[in-house]
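The values are calculated or read from the model by the stated rules, or taken from the named source; none is laboratory data. Since the structure is predicted, the reported quantities are computational estimates derived from the model, not experimental observations. Note that each Cβ is placed from the backbone with ideal geometry, even for glycine, and that neighbours are counted across all protein chains shown.
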Amino acid sequence: MYRSGLPLLTKVLSFMAVAASIAMEERSVQARMASPSRFGDKAFEWLTLAMALAVVVLIILIGWQLWIGSSVAIKKFGFHFLLTSTWDPVAEQFGALPFIYGTLVSSLIALLIAVPLSIATAAYLTELAPLWIRQPLVSLIEMLAAIPSVILGLWGIFVMIPWLRDYPFPFLKRFLGWTPFFSGPIYGPCMFAGGIIIAVMILPIITSVSREILRSVPDLQREAAYALGATRWEATRIAVLSYAKKGLFGAVILGLGRALGETMAVTMVIGNTPQIAASLFKPGYTLASVIANEFTEATTDIYLQALFEIGLVLFGITILVNLLAQLLLRTIATTSATRAVQ
Amino acid sequence: MKSLKFCRQILTIGLLAGVSATASAQMLLNGAGATFPYPIYSKWFDEYAKVDPSVRFNYQSIGSGGGQKQILAQTVDFGASDGPMSDDNLAKAPGKILHIPTVAGADVVAYNLPGNPALKFDADTIAGVFLGQIKKWNDPKITALNPGAKLPDQEIVVVHRSDGSGTTYIWTDYLSKVSPEWKSKVGTNTSVNWPTGIGGKGNEGVAGQIKQTPGALGYVELIYAIQNKMPYAEVKNSAGEFVKPSLESIIAAMATAQIPDDFRFSITNAPGKDAYPIAGGTWLLVYEQQKDPAKGKKLVEFLKWAAKHGEKMARDLQYAPLPDSLQQRVLKRIDEIKM
């Protein structure tokens, strides 16, 4: 159950947010309404509340199930599980550190590539592109989201990796080889390739959400900027992008949620070696990948327990990242609010 | 209009068929486990439906780990596994579990070199490469075995399976037998702590990475190498002969290997000069004492049919059938299943 539960988590989190905000909005609207006792409104309130609670219960259940499934491993390995790097099913020594590292680093690479691309695309689509080209472009981007992840993975093995290995990687190595990040031999499958394939996968979602957000920026904003003599670039930057900052950040977090749990395509190109290496040309491994790879053939109890604990760690990281994002979002909101006051 | 009528007809026929299918009392035998023999098992289930229409099979190829778990939990009528069950797992079973070997396969050493020369390997070289001690293609150990071949001064990119699999079990079982160092450092399992190399997911992942990476060397199932027209090496067996992996050399390995009474055999590094050394079997797992007599009877009938007739279909699907001597022993064992 938990294998399908983990990728679900990000969706679940966003659904929860939506359901909860509907429930809250409903309440504040009700306060403003003259006759709050109408049955339909009450029923709607309770219904949405029940939905929101069901999602919360679901998350708690997933967490509990993972906890139960890994209790023996947690007791046996303790904090060593999070801090050691050996993953040896034969000797039954399990440490999750390289997987945690791989998950975070590959997601970070993906964000560094996908965020500028997506937001630039969204800005072009809403602000600059001629009208006739917008719809076809939007459809194309959404089609990218519809490609099954295993197909992207195969494309990664047979097209992307040979190309990366022959052109961009040697180029990077020649000019940035003096940094630890681009040193060492180039095999093809590596952390960098994993990050790039995740970037391709989260691009459509960040672009689509960003586009919706930029579209919802009131025209008044743009008109005001132009009225003050702003150029198109200035208007886009100050009146649109800055105004939509909070929403765009949300779009990025949604993409990050997906990046953390992305499994199949990453597994096929990342090289699946549990190690922590500074060089991005070295193979890596992610939490989701090791579960997908080893769950079906894990025959001993402690091995299965360790894989469950990997799931629990991924669950924890996803929640932690979302919480951090909420905090960051709040900081951004307050700083821009104070700036507005000044 | 016409097409609508046609659709309705199809729908009616479909409904009728559905009703008639549920009307005749059919017995459903549930199985789960190994993915490697899935193609031949599904062929058997199809063919057996013609022999005994009263039985239907539902087989989920969820992996050997799942197969062992489910037969232990008695949620299936039979399990399937690419590796024999461990003593620990057998001890957990509520009754005696029998291992019924069905077919066998082999791992081949596949590689990608300019010109793809025919290569030969021995146990020491393979273990050396996978332990990360032999790093270059022109290492003296490799060139000594292949005097004619042009081997470049290039790094060997080792590719192994990243997912747990019976293929890896056979591979590591072989290396543990031939290399004491491998046995103490790494060991035998469906997935291990690899000293070197990159991991590809599934046979297709490993094959893809070998094909795409110049200088790569890895292991894939024989069927997979044949279907993908990949070059693969001859391997020196324990009798000192270089043997090309093939169905014949796998059968030879089964014929000469020591097969214990409980059939939890390992045919890697088998004696006999025709035996290919990196091969392994796959098993069905059933309880000796069947809980449901009616189901048990049908299961035994099927197992006998598979051992007698099913085996003949193995070659077409590139699986090695059991040698006759072993087949007789298996039939005797099936007779011991009690209802």
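For every residue, the table says whether it meets (1) away from every other protein chain (no Cβ under 12 Å); (2) touching a strand residue (DSSP E or B) at 6+ places or on another chain (Cβ under 6 Å); (3) touching a residue at least 60 places away in the same chain (Cβ under 8 Å).
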{"site": "B:H99", "(1), (2), (3)": "yes, yes, yes"}
{"site": "B:D107", "(1), (2), (3)": "yes, yes, yes"}
{"site": "B:P114", "(1), (2), (3)": "yes, no, yes"}
{"site": "B:L151", "(1), (2), (3)": "yes, no, no"}
{"site": "B:K177", "(1), (2), (3)": "yes, no, yes"}
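Among B:S24, B:S54, B:S42, B:S64, which is the only one that is of a type in the set (G, A, S), modelled with pLDDT under 95 and under 14 Å from the mean Cα position of the chain (by Cα)?
B:S64
Looking only at residues that are outside any helix (DSSP H, G or I) and in contact with a Leu (Cβ under 9 Å, 6 or more places away or on another chain) in region A:281-299, which one is nearest to the other protein chains (Cβ to nearest Cβ)? The extreme case among them is A:A298.
A single entry from B:G187, B:G128, B:G166 fulfils the requirement of being without any contact (Cβ under 8 Å) to a residue 24 or more places away in the chain, within 26 Å of B:F36 (Cβ to Cβ) and small (G, A, S): B:G187.
Contact map, region A:124-148: residues that are touching a residue at least 24 places away in the same chain (Cβ under 8 Å) paired with residues that are part of a helix (DSSP H, G or I) and loosely packed, with under 14 Cβ neighbours inside 10 Å, Cβ distance under 6 Å, separation 6+ or inter-chain. Pairs shown: A:T126/A:R215.
Just give me the residues in region B:73-104 being assigned to a helix (DSSP H, G or I) and surrounded by 18 or more Cβ atoms within 10 Å (Cβ to Cβ), in sequence order. The one that is assigned to a helix (DSSP H, G or I) and surrounded by 18 or more Cβ atoms within 10 Å (Cβ to Cβ): B:N89. Applying the condition of being surrounded by fewer than 24 Cβ atoms within 10 Å (Cβ to Cβ) and of a type in the set (S, T, Y) to region A:276-302 and asking which residue is nearest to the chain's Cα centre (by Cα) yields A:S279. Consider region A:65-108. How many of its residues are within 19 Å of A:L320 (Cα to Cα) and under 25 Å from the mean Cα position of the chain (by Cα)? Selection size over region A:65-108: 19. Among the conditions (1) assigned by TED's automatic domain parsing to the domain that holds B:A110; (2) at pLDDT below 95; (3) surrounded by fewer than 19 Cβ atoms within 10 Å (Cβ to Cβ), the only one that B:F242 does not satisfy is (2). For region B:190-207, which residues satisfy the criterion of being facing chain A (nearest Cβ under 8 Å), buried (at least 24 other Cβ atoms within 10 Å of the Cβ) and either aliphatic (A, V, I, L, M) or touching a Pro at 6+ places or on another chain (Cβ under 8 Å) (or both)? Across region B:190-207, the qualifying residues are B:T190, B:S191, B:V192, B:I198, B:G199, B:G200.
Of all the listed residues (B:I223, B:I210), the sole one being within 14 Å of chain A (Cβ to nearest Cβ) and at pLDDT below 95 is B:I210.
On the stretch given as region A:58-91, residues that are without any contact (Cβ under 8 Å) to a residue 24 or more places away in the chain, assigned to a helix (DSSP H, G or I) and within 16 Å of A:G316 (Cα to Cα) total 5. Check whether at least one residue in region B:268-285 is in a helix (DSSP H, G or I) and not aliphatic (A, V, I, L, M), and report yes or no. No, every residue in region B:268-285 fails to be in a helix (DSSP H, G or I) and not aliphatic (A, V, I, L, M). If you go through region A:146-169 and keep only what is more than 12 Å from chain B (Cβ to nearest Cβ), loosely packed, with under 14 Cβ neighbours inside 10 Å and either among the basic types (K, R) or part of a helix (DSSP H, G or I) (or both), you end up with A:A146, A:I151, A:P168. Tallying residues that are among the acidic types (D, E) and under 26 Å from B:A80 (Cβ atoms) within region B:166-195 yields 1. If you filter region A:300-326 down to residues that are touching a Leu at 6+ places or on another chain (Cβ under 7 Å) and within 14 Å of chain B (Cβ to nearest Cβ), you find that the one that is farthest from A:M268 (Cα to Cα) is A:F308.
For every residue, the table says whether it meets (1) at pLDDT 95 or above; (2) surrounded by 17 or more Cβ atoms within 10 Å (Cβ to Cβ); (3) in a helix (DSSP H, G or I).
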| position | (1), (2), (3) |
| --- | --- |
| B:I126 | yes, yes, yes |
| B:V129 | yes, yes, yes |
| B:Q133 | yes, no, no |
| B:G148 | no, no, no |
| B:D153 | no, no, no |
| B:V158 | yes, yes, no |
| B:G164 | no, yes, no |
| B:I170 | no, yes, yes |
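With respect to B:T172, determine if the residue is farther than 27 Å from A:R165 by Cβ and either within 20 Å of the chain's Cα centre (by Cα) or within 9 Å of chain A (Cβ to nearest Cβ) (or both). If you could, list the steps in order and put the result at the bottom.
Details: farther than 27 Å from A:R165 by Cβ: yes; either within 20 Å of the chain's Cα centre (by Cα) or within 9 Å of chain A (Cβ to nearest Cβ) (or both): yes.
Answer is yes for this residue.
Looking across region B:179-189, just one residue is hydrophobic (A, V, I, L, M, F, W, C) and facing chain A (nearest Cβ under 9 Å), and that is B:V186.
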